[in-house]
Amino acid sequence: MSLQKSSSLSRSGIGVWVILFTLLFLGVNMVALVLNETMLVSLLPVFLLFVYLYFFAVDKLFLIIAAAIPLAVNLSDFDSQIAVTLPTEPLLAGLLLLFLLKSLFEPQKWKPFQQNPITIAFLIYFAWLFFAALASQMPLVSWKYFVAHLWLIVPLYFFGTRVFFLKPNSQRAFVLLQVAALVVVVLYALIRHASYGFGDQESQWVMQPFYKDHAIYGSAIALFLPVLILLLFDKKYSLTARFFMLLALAVLLIGLTMSFSRAAWLGFFVAFGLGLVVQFRIKLKYLFISFFGLVLLVLIFQNQIIQRLEKNKQDSSEDVVKNIESMSNISTDASNLERLNRWNCALRMSADHPVFGTGPGTYQFLYGPYQLSRDLTIISTNAGTLGNAHSEFLGAMAETGILGMMTVIFLVITIFVYGFNTYVALQKVNKVQARFVLGILLGLLTYFVHAFLNNFLDSDKIAVPVWGFVAIIVANGLQLKANKERNAELNEMPSKSNPE
């Protein structure tokens, strides 16, 4: 029998099995619908598709997660007792399981990644989180928090770096798919908000069910603005593509403004300012001189500054200018005063538990007794509502101790030092990619400035873009290193024109 006949018989055999399986599935599905009135069997093809993606196309799965993140919804928002975000959290949990299986049966031998400073910083962070969970005041809560952080970080960073390294084109796709989905959410929120006359109070919930409040919504928008702005200058995209990017940018800027999230505004303004500094190549020594000069002035005139802040009576408002003025109101603005209350609770909790803290994820359950009557506001509660510690750093200190907070600070510093070193190195070989990496870095800066005032990294809405951005930075750094080593090897090879 010829190879061609054998091949056609093989294909026909596969076709018969596909037809039989399809008929069997349709029959079982119909019986299930008639007898049990359930459509769960209908999800079998979707389940099989994702099984295929997990084992044969992880890069495609990453892009599906990216597109789904802004549009994902949490079941707890619909009176469900299950607090899981669909479809993203199950997909991330599956990636974590796949990573653990690969670690057991296919030990990673990618030494440059294992030796990367950001990878080391992550391992230190997880090691301390593990010890803090062992000493937790609420072990069940802390271990749940630990596992949740594993599936939020490991798939995005440890898997993501490999995906972005092997398939560089997926880096931009990861960003642009999230931007496209976020534009849909922003348009939805703006249409709802317009029906209420763009009121300040309504701005806090019009983005539901996609984002739980205006702070995390504004934070997500600010994350993508710097990279989207810099992608507009990328000539590899057609004029049509850049036109749609410009439209997306306009929508996101309006969305950020109408979010009335002052912390998100602050993060964006700081990132925009640093972007100008980098673009105009202002020397670092002038920045350091300006920064320390500002700190010195604050220390000298701290009493006058505090008195001035206490005289500010402007509360948050739907007027953008007044809303900016309210950022420094520490006398009557309930939001600002409640943030100070939460910070004070974190400091007192840390004083009682300085080494391991109260345990990862426990702040919202234990901060109540640490509130003092003089710090209470009209929105104070013992139930852990209206946010957590309102700071990634103080929250880490309360829950994992002073050393725990130091691991978070070390991780953030390592990300930016490595990231800007990668940007500088890319400037010499690929200015277009360097500009993209700068946009990623500035996007991260918007969040980590925001992180002084809020904490959202326990939500996949923020964790996916943040740790995905970090993976993109590391993938570019490793690519630079690989190219440098390859060029060094080529230069060491003896020339064929000069025989020994």
Next on the checklist: Please pick out the residue among LEU246, LEU190, LEU230 that is hydrophobic (A, V, I, L, M, F, W, C), farther than 17 Å from HIS450 by Cβ and in contact with a helix residue (DSSP H, G or I) (Cβ under 6 Å, 6 or more places away or on another chain).
Outcome noted: LEU230
Next on the checklist: Residue pairs, Cβ under 7 Å, 6 or more apart or interchain, first in segment 427-439 and among the charged types (D, E, K, R), second in a helix (DSSP H, G or I) and surrounded by 13 or more Cβ atoms within 10 Å (Cβ to Cβ). List them.
Outcome noted: ARG435/LEU230
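Yes or no, residue by residue, for (1) modelled with pLDDT under 75; (2) in contact with a Leu (Cβ under 7 Å, 6 or more places away or on another chain); (3) part of a loop (DSSP other than H, G, I, E, B); (4) not assigned by TED's automatic domain parsing to the domain that holds HIS390:
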residue	(1), (2), (3), (4)
ALA263	no, yes, no, no
PHE268	no, yes, no, no
LEU274	no, yes, no, no
VAL277	no, yes, no, no
ARG281	no, no, yes, no
LYS285	yes, no, no, no
PHE291	yes, no, no, no
LEU297	yes, no, no, no
Next on the checklist: Can you say whether SER350 is in a loop (DSSP other than H, G, I, E, B), out of contact with any His (no Cβ under 7 Å at 6 or more places or on another chain) and touching a residue at least 40 places away in the same chain (Cβ under 8 Å), as far as the supplied structure shows?
Outcome noted: no
Item to check | Residues (assigned to a helix (DSSP H, G or I) and among the polar types (S, T, N, Q)) located in segment 229-247 | outcome: THR240
Item to check | Residues satisfying the stated conditions in segment 123-147, i.e. assigned to a helix (DSSP H, G or I), over 16 Å from VAL408 (Cα atoms) and either in contact with a Gly (Cβ under 8 Å, 6 or more places away or on another chain) or among the hydroxyl-bearing types (Ser, Thr, Tyr) (or both) | outcome: PRO139, VAL141, SER142, LYS144
Next on the checklist: Whether any residue in segment 419-441 is outside any helix (DSSP H, G or I) and out of contact with any helix residue (DSSP H, G or I) (no Cβ under 7 Å at 6 or more places or on another chain) is what I want to check.
Outcome noted: yes
Checklist entry - Does segment 170-186 include one or more residues that are assigned by TED's automatic domain parsing to the domain that holds ARG242, without any contact (Cβ under 8 Å) to a residue 40 or more places away in the chain, surrounded by fewer than 22 Cβ atoms within 10 Å (Cβ to Cβ) and on the phi < 0 side of the Ramachandran plot? => result no
Item to check | Selected residue (criterion: farthest from ILE216 (Cα to Cα)) from residues of segment 244-285 that are among the polar types (S, T, N, Q) and surrounded by fewer than 21 Cβ atoms within 10 Å (Cβ to Cβ) | outcome: GLN279
Next on the checklist: Among the residues of segment 386-400, are any of a type outside the set (Val, Ile, Thr) and more than 25 Å from the chain's Cα centre (by Cα)?
Outcome noted: no
Next on the checklist: Can you pull out every residue in segment 212-226 that is part of a helix (DSSP H, G or I) and out of contact with any Leu (no Cβ under 7 Å at 6 or more places or on another chain)?
Outcome noted: HIS214, ALA215, ILE216, TYR217, SER219, LEU223
Next on the checklist: So, TYR447, is that one within 23 Å of ALA148 (Cβ to Cβ), buried (at least 23 other Cβ atoms within 10 Å of the Cβ) and touching a Lys or Arg at 6+ places or on another chain (Cβ under 8 Å) or not?
Outcome noted: no
Checklist outcome for this item: Of (1) under 20 Å from THR161 (Cα atoms); (2) of a type outside the set (Ser, Thr, Tyr); (3) in contact with an Asp or Glu (Cβ under 6 Å, 6 or more places away or on another chain), ASN455 fails just (1)
Checklist entry - For segment 462-480, does any single residue satisfy the condition of being in contact with a His (Cβ under 9 Å, 6 or more places away or on another chain) and more than 30 Å from TYR237 (Cα to Cα)? => result no
Item to check | Every residue from segment 70-83 that is modelled with pLDDT of 75 or more and more than 17 Å from the chain's Cα centre (by Cα) | outcome: LEU75
Checklist entry - Hey, any hits in segment 381-388 for a residue that's in the same structural domain as ILE124 (by TED's automatic domain parsing), closer than 21 Å to VAL466 by Cβ and aliphatic (A, V, I, L, M)? => result no
Item to check | Qualifying positions in segment 187-208 - surrounded by fewer than 14 Cβ atoms within 10 Å (Cβ to Cβ) and assigned to a helix (DSSP H, G or I) | outcome: LEU187, ILE191, ALA194
Next on the checklist: Can you find a residue that is among the aliphatic types (A, V, I, L, M), at pLDDT 95 or above and closer than 20 Å to ALA121 by Cα anywhere in segment 414-423?
Outcome noted: yes
Next on the checklist: Looking at VAL185 and the list (1) more than 24 Å from LEU75 (Cβ to Cβ); (2) modelled with pLDDT of 95 or more, which single condition is not satisfied?
Outcome noted: (1)
Item to check | Pairs, first touching a residue at least 60 places away in the same chain (Cβ under 8 Å) in segment 128-151, second acidic (Asp, Glu) and surrounded by 15 or more Cβ atoms within 10 Å (Cβ to Cβ), C-beta under 8 Å, six or more apart | outcome: ALA132/GLU399; TYR145/ASP458; ALA148/ASP458; HIS149/ASP458; TRP151/GLU89
Checklist entry - in contact with a Pro (Cβ under 9 Å, 6 or more places away or on another chain) and either surrounded by fewer than 23 Cβ atoms within 10 Å (Cβ to Cβ) or more than 24 Å from ALA133 (Cα to Cα) (or both) - does that describe any residue in segment 358-378? => result no
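The values are calculated or read from the model by the stated rules, or taken from the named source; none is laboratory data. From a predicted model like this one, the values you see are computed outputs, not experimental measurements. With ideal geometry, Cβ positions are generated from the backbone for all residues, glycine too; neighbour counts draw on all protein chains shown.
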